[in-house]
Amino acid sequence: MAAPYWLGVDLGGTKILVGLFDDRFQVVARAKQSTNYEEGGPAVFARIVAAVDEVLRTGSVEPSQVKGMTLAVPGQIVPRSTVVRYAPNLNWRDFDLAPLIPPRWTWPVVVENDVRMGTYGEWTLGAAKGAQHVFGVFAGTGVGGGLILNGQLYHGFNGHAGEIGHIIIGWKNGIELEAIAGRRNLMNRARDVITDSPKAVRKAWKGLDPTTFKSSEISDAVEKNEPVMSHLIDEAARAIAAGVGTVVNLLGPEVIVIGGGMTKALGAPFIERIWEIAQRYALPRATENVRCVMAALGDDAGITGAAAYAKERFAA
């Protein structure tokens, strides 16, 4: 019998990553597409199909050799279905993916939350391998989270557990964590802060639009101690820290993995700042022997977790 292959698709707010893995989770081929979510769901899915076709062609793998695929989506998934209930960074509501799946996909497909799959990847093959209680936080276009409890991926009663980006950190005004720490919202806030800043700051930003900044450009600005960006990134770290400290008190994770595109660009100082402040919110000794680490798989966390989850679901 031919060795099986597994597909992992990580649909993000700005890019689509597809990975083809062998049975030992070595990457056989990968492909990347821009999400261009503003073009609508069917157009986004067409790019996913194109990327899947590309990795099969590059890896010289026949569809019959693929035994399963997980499609990781940045939003809420109706449990045990292909329906995306709500994906804020894609503007999707009650969007069923099943009618868009091409007939040539002969393998089974499961739809899951993207950060849940990133956390699963870090737990199975990354920074949290071997732990029994893991909390994953991924800061990119938005902010998401995932939970491994007692050595099992935890979905919760309605299938939406771990959504740290939507916890309220400003209860008087109903401010969500993602409004402070998600890159898209953060850049919109940067634009507003610059508009209301002293003349010298406005002059320094003349001709630049922070809403178009990539994570690497944010990191460059912070390294240069640019005042607006440095302030907003510190606020983002504090917001994430409030969420992490709350989860430590509530669920007692063994390992906290922090990843995502913005985290990767900002590096260790961002993680250190988050953990320093999170410990102020935690109960005495609640963080004893708890590790707060950067995601080890980088951009591959989502596709790796998705492929590993497909194998766990469909290998039998």
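As a calculated quantity, the FRET efficiency between residue 172 and residue 27 at R0 = 41 Å, using C-beta atoms, amounts to about 0.30.
With a Förster radius of 25 Å applied to the C-beta separation of residue 188 and residue 158, the computed FRET efficiency comes to 0.25.
Taking label points 7 Å from Cα along the Cα-to-Cβ direction, residue 94 and residue 283 give a separation of 4.1 nm.
The Cα center of the range 225-272 and the Cα center of the range 121-156 differ in position by 15 Å.
Each of 211, 222, 198 was placed along the dipole of the range 163-232 (beta-carbon charges, centred on the mean Cα), and the one lying farthest toward the positive end is 198.
Ordering 80, 291 by how much accessible area each has at a 1.4 Å probe, largest first, what is the list?
Numbers: 80 235, 291 110 Å².
The ordering from most to least exposed comes out as 80, 291.
Straight-line cross-link reach from residue 206 at under 20 Å between alpha-carbon atoms covers these lysines, not counting any fewer than eight positions away in the same chain: 214, 224.
Full extension of the chain between residue 104 and residue 64 yields a length gain of 13.4 nm, computed as 0.36 nm times the residue separation minus the alpha carbon distance.
Which FRET efficiency value, to the nearest 0.05, is calculated for residue 201 and residue 14 with the Förster distance at 35 angstrom and r the Cβ-Cβ distance? Mind showing how you got there, number by number?
Numbers: r = 27 Å, r/R0 = 0.77.
That gives a FRET efficiency of 0.85.
Taking every Cα-Cα distance in the range 79-167 and sorting them into 10 Å bins starting at zero, the pair-distance distribution P(r) comes out as 15, 43, 32, 10, 0 percent.
Determine the percent antiparallel among the DSSP beta bridges restricted to the chain, to the nearest 5.
Numbers: 29 of 49 bridges.
Percent antiparallel among DSSP bridges in the chain is about 60.
Quantify, in whole percent, the carbon and sulfur part of the accessible surface of the chain (1.4 Å probe; protein heavy atoms only). That fraction is 51 percent.
The values are calculated or read from the model by the stated rules, or taken from the named source; none is laboratory data. In this text the structure is predicted, and so the values were computed from the model without any measurement. We place every Cβ from the backbone using ideal geometry, glycine too, and count neighbours over all the protein chains shown. Surface accessibility is based on the protein's heavy atoms, side chains included, excluding ligands, DNA and RNA. Shrake-Rupley method; radii C 1.70, N 1.55, O 1.52, S 1.80 Å.
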